[in-house]
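Please treat every number below as a calculation from the coordinates, not as lab data. Note that the structure is a prediction, hence the values are computed from the model and not measured. Note that we place each Cβ from the backbone using ideal geometry, even for glycine, and neighbour counts take in every protein chain shown.
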Amino acid sequence: MSKLIDKHNKLNMENRPFSDNSLKPTEDTIKKNLYSSYKFYNELDNITFKFKKDWNFAKSSGWMLKVHDGKKALYYLIPLNNSFIISLTLREQEKSEFLSNDNLIELHEQLKNAKKYSEGFALKFLISDSKSYTPLVTLIKKLIEKRK
């Protein structure tokens, strides 16, 4: 099961290599800091090649990558040391459909427990290995398909 980040498992700024506003991430610094999880970052980048990608800085999280279609964010990515966080929101209908999808069974518990905000149901995932990445990439592919 992929790791869900919640209020009891927050990562502090020491684990965030891009917390300096003046040092925007580059491909080289991302590759160096993500280390073994870079391959997952790179695969997500390839899967979302049709989406716009913008780096934004926030004091609370450091630099984060917004992957969007010009209107709605598909997900936000926060690079860490040897891992990264993916944050996304699902609409009510998407959540319902994904809960009935057996290909996403590993995520059903997280989907059921997702907190509702005005933007949708919020999910956060810590990606550090294949076990945490595989269910997430399945979800993102389904989400891209759904939002065409």
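Structure notes:
- Over the chain, Cα pairs under 8 Å with separation of 6+ residues give a relative contact order of 28 percent.
- Of the residues 125, 42, 61, the one whose Cα sits farthest toward the positive end of the charge dipole of the chain, with +1 on the Cβ of Lys and Arg and -1 on the Cβ of Asp and Glu, is 61.
- 32 Å Cα-Cα threshold exceeded, pairs from 31/116; 115/141; 116/142; 115/142; 24/95: 31/116; 24/95
- Extended-chain gain in nm, criterion 0.36 nm per residue less alpha-carbon gap, residue 66 and residue 108: 12.6 nm
- Entry note, the range 69-118: relative contact order of 21 percent, from Cα contacts under 8 Å with a spacing of 6+ residues.
- Aspartates and glutamates with Cα under 12 Å of residue 59, excluding same-chain neighbours fewer than 8 positions away: 20
- Which labelled figure in (i) 1.00; (ii) 1.97; (iii) 1.13 is Cα Rg over 2.2 N^0.38 Å, once derived from the coordinates: (i)
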